[in-house]
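S.K.: This is the structure I want to talk about, given as structure tokens.
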Amino acid sequence: QVLISYSDCSECHREDSRAKGPSFSDISKKYPKNTDYLNILAGKVISGGNGVWGNSVMPSHQKVSVEDAKAMVAYILSN
């Protein structure tokens, strides 16, 4: 949660309501918390992506480490 609060995640995501991107709650409902999805979604945080949640585009976050991205995703999927 601390990593997310110091990032730009809140520009596009909210805990329980859709903003530019899906809410953390919707993400946790869609993806089970397991190693495969932690790795896939951490990769999306770093490289960016689009098309999964409609027309919204998630920019890349190249400065986020793999470990930090996994920690962020683990928090999101635990909601």
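S.K.: Test of the criteria: in the chain, which GluC sites (Glu not before Pro) are in a DSSP loop and have at most 15 other Cβ atoms within 10 angstrom of their Cβ?
M.R.: Working: sites: E11, E15, E67; in loops: E15.
Counting only loop positions with at most 15 other Cβ atoms within 10 Å, the GluC sites (Glu not before Pro) in the chain are E15.
S.K.: Assuming 0.36 nm per residue, please report the length gained on full extension of the stretch V52 to N39 beyond their Cα-Cα distance. Write down the numbers at each step before the final one.
M.R.: Numbers: separation 13, 0.36 × 13 = 4.68 nm, distance 1.63 nm.
Computed gain between V52 and N39 is 3.1 nm.
S.K.: Can you list the HN-Hα couplings for the range 67-74, worked out from phi with the Karplus curve (6.51, -1.76, 1.60; θ = phi - 60°), rounded to whole Hz and with x for Gly and Pro?
M.R.: Ordered by residue, 3J(HN,Hα) equals 4, 5, 4, 5, 5, 4, 5, 4 Hz.
S.K.: How large, in percent, is the carbon and sulfur part of the accessible surface of the chain at a probe radius of 1.4 Å?
M.R.: 53 percent
S.K.: Under a no-solvent Debye model with one identical scatterer per Cα of the chain, what's log10 I(q)/I(0) at q = 0.14, 0.25, 0.26 Å⁻¹?
M.R.: -0.38, -1.47, -1.61
The values are calculated or read from the model by the stated rules, or taken from the named source; none is laboratory data. These numbers were taken from a predicted model, which means no experiment stands behind them. Counting neighbours? That spans all protein chains shown, and the Cβs are built from the backbone with ideal geometry, glycine included. The area values use the complete protein model at the heavy-atom level, side chains included, leaving out ligands, DNA and RNA. Shrake-Rupley method; radii C 1.70, N 1.55, O 1.52, S 1.80 Å.
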